[in-house]
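First comes the structure, then the notes that go with it.
The values are calculated or read from the model by the stated rules, or taken from the named source; none is laboratory data. Model, not experiment: these values are computed from the prediction. Glycine also receives a Cβ, built like all others from the backbone with ideal geometry; neighbour counts cover every protein chain displayed. Side chains are part of the model used for accessible areas, which takes the heavy atoms of the whole protein and leaves out ligands, DNA and RNA. Shrake-Rupley method; radii C 1.70, N 1.55, O 1.52, S 1.80 Å.
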Amino acid sequence: MTRHLLVVDDDAASCELLREIFAARGWQVSTATTPEAARLCFARQAFDLVISDINLEAEATGLDLLTDFRAHCPVILITGFGTLDAAVAALRDGAWDFISKPFKVEEVVAAVQSALSRKDEARKGDAPAAVPAVNPADASGLVGRSAAMVALYKEIARVAPTRSTVLVLGESGTGKELVARAIHRHSPRSGGPFIPVNCGALPEPLLEAELFGHVRGAFTSAVADRRGLWEEAHHGTLFLDEIGDLPLPMQVKLLRALQEGEVRRLGAARPQQVDVRVIAATNRALEAEVAAGRFREDLYYRLSTVTLHVPPLRQRRDDLPLLAEAFLRQAAQTVGRHLWFEPATLTVLAAYDFPGNVRELQSVIEYAALHARDDVIRPEDLPLRLQPVKPSGPDTPPAGSNPNPFADLPTLDELERRYLTYVLEAVSGHRTRAAEVLGVDRRTLYRMAERLGVKLTDDRGPDES
């Protein structure tokens, strides 16, 4: 059966590109560069699928065409401005998929094939339920237009309207709590509370009291009844950060609360029903923790109904300038000045690997804003570990004689050496803590220090004797 597709884009070159891509796969393709032309095409004949740019240089947009055509065939929207709000709006209004420019050919083709296959299933009576409507979008705090981030936006948009428990995975500093907050804001629970809990910050007895509350006399200092954070999150979202650090006894109680939808305050005779959606997050590999016996398998499967992966900054380098500019605007408000980057500064930032991810980038920009001599952020305003190493001595070439603009940038070993030194200083030489910050074990830390010529201090923390 021959498929007939309609491509809508105000850029004629983009229309022609998509026409060639689809025609090469045996599909018939019509194109339109205005909403009016698209509607005329649709009035003249039936189409199996419409693929349209969102931002058309006309009074109508791709979202308007989505409203016109979605009852007749699947609609895929493409945009050069991939944001969470755009993804939510597209999927909320019934788009089959949402793709960000510049796109990969195989990505577009796969989306079209998937939509056409599902249309065939719908003809047989196997159509899936429509995506539930969600609350209007607002600022999410998430920044990025890379393919990895657009994929994450789509996952957030799809899971937000549901009641499903969500497990957010990612390295430290990637923005897992921002993802959790975005899910909450775009959910039917957005009018309720969002309660974050750091499961690794409190010892087990205090954590249990914090989560589940207590009644008067439950323990020595319990002089009155107190609601726990689980109850505080009633009709809202409870965000359990660092869930991988939860002690095994607490894992049992958490599992029961999730399964039964009820909590029992410490010292209480009866449990009480609580309506809470749980989102958990960790930088640990929970499957490995399960295999090692440190995390309950049944709790893992209960938490990971939906699993979202937040990409590290090194896998979304295209987003670094956007993030840097966003953090610079925040820092400018703090220092009360209008700030901008010298181009060389962005080059230095792009060359650094940011093991601390987005959180480290934000810290770097704040540092630079506070140390800048004027309104321009220069490479020398950055922390020492990022600053280029400048050659010195009799062999130093005259200024301006080196045609290689990257000649002064530090080597990877030098960057690693600086960061290791920085981390060790930050944790006062505490080896176990340094290994945790770096995301490695103690043995790897020793090998890294030996390779980079960094001396580990003899001072040890209380757990390193």
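The residue that is modelled with the highest pLDDT, counting only those in segment 379-395 that are open to solvent by 50 Å² or more (accessible area, probe 1.4 Å) and more than 31 Å from the chain's Cα centre (by Cα), is Val389.
Please find, within segment 266-288, the residue that is least open to solvent (accessible area, probe 1.4 Å) out of those that are part of a loop (DSSP other than H, G, I, E, B) and among the small types (Gly, Ala, Ser).
Initially, segment 266-288 is screened for residues part of a loop (DSSP other than H, G, I, E, B), giving 267-271, 274-275, 283-285.
Filter again for among the small types (Gly, Ala, Ser), leaving 267-269, 285.
Working: Gly267: 65, Ala268: 28, Ala269: 92, Ala285: 66 Å².
That would be Ala268.
One residue alone among Ala38, Ala23, Ala71 is out of contact with any strand residue (DSSP E or B) (no Cβ under 9 Å at 6 or more places or on another chain) and among the aliphatic types (A, V, I, L, M), and that residue is Ala71. Taking every residue in segment 82-96 that is within 14 Å of Ile51 (Cα to Cα) and pairing it with any residue that is assigned to a loop (DSSP other than H, G, I, E, B) and of a type in the set (Lys, Arg), at least 6 positions away or on another chain, the pairs with Cβ-Cβ distances below 6 Å are Gly94/Arg70.
Note on segment 344-363: among residues that are part of a helix (DSSP H, G or I) and hydroxyl-bearing (Ser, Thr, Tyr), the one that is nearest to Gln330 (Cα to Cα) is Ser363. Scanning segment 18-43 for residues that are of a type outside the set (Ser, Thr, Tyr) and in contact with a helix residue (DSSP H, G or I) (Cβ under 9 Å, 6 or more places away or on another chain) turns up Leu18, Ile21, Phe22, Arg25, Trp27, Gln28, Val29, Ala32, Pro35, Ala38, Arg39, Phe42.
The number of residues in segment 349-378 being surrounded by fewer than 16 Cβ atoms within 10 Å (Cβ to Cβ) and of a type in the set (Gly, Ala, Ser) comes to 3.
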